[in-house]
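Where a number appears in this text, it was derived from the coordinates with a stated rule and is not lab data. Quantities reported herein were computed from a predicted structural model and do not represent experimental measurements. Cβ: placed from backbone, ideal geometry, glycine included. Neighbour counts: every protein chain shown.
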């Protein structure tokens with residue numbers, strides 16, 4: 001396991017302002033679309049990050065994390081595992097406090113780099129499942 005419940009709880013509580021959700025598009029059939037809605041219901045401001053930079057759930061979208069003109073607390077990653085490491089590196093570069101790799105997104109090297117940079121890291125778990133479970 002790549003994070004205990006306390007780390008997960010801290011990661012979720014760490015979203016004071018914005019949660020950048022990488023891979024979130026307006027495609028209602030994608031898991032990221034539903035997860036973003038759940039996170040909003042729990043009071044999180046979700047910022048869509050997707051190459052198309054389209055608005056989702058009333059929030060303006062951005063093509064990359066670096067394009068977001070305000071601080072992002074947590075970066076939630078909904079991309080293929082082979083693409084996740086560079087996203088984690090970008091999260092470190094923009095000064096995020098934590099990174100979250102969704103269910104099935106696994107990159108142990110990215111996990112180690114992110115933790116070594118001082119960020120909290122959760123991997124292979126879903127915040128839409130964890131918020132109701134952990135409160």
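Which length gain, in nm to one decimal place, applies between residue 89 and residue 70 when the Cα-Cα distance is subtracted from 0.36 nm times their residue separation?
Separation in residues times 0.36 nm, less the Cα-Cα distance, equals 5.1 nm.
Which of 33, 70, 42 comes first, and how do the rest follow, when ranked by fewest Cβ neighbours within 10 Å?
Fewest-to-most Cβ neighbours within 10 Å comes out as 70, 42, 33.
Would you please classify the overall shape of the range 96-135 from the alpha carbon gyration tensor, given that a ≥ b ≥ c denote the square roots of the eigenvalues, rounded means a/c under 1.5, and beyond that prolate means a/b larger than b/c while oblate covers the rest?
Details: a/c = 3.34, a/b = 1.59, b/c = 2.11.
Oblate.
Projected area of the range 5-134, taken from the Cα convex hull and averaged over every viewing direction, in nm²?
6.8
Of 22, 35, 77, which has the largest mean-square fluctuation in a 10 Å C-alpha GNM of the chain?
35
Could you tell me whether the range 56-121 comes out rounded, prolate or oblate from its Cα gyration tensor? Rule is a ≥ b ≥ c as square roots of the eigenvalues, rounded for a/c under 1.5, then prolate if a/b exceeds b/c, otherwise oblate.
Values: a/c = 2.02, a/b = 1.35, b/c = 1.50.
Oblate shape, in that a/c is at least 1.5 and b/c is the bigger or equal ratio.
If you stretched the chain out fully between residue 5 and residue 59, how much longer would it get, using 0.36 nm times the residue separation minus the C-alpha to C-alpha distance?
In short, 16.5 nm is gained.
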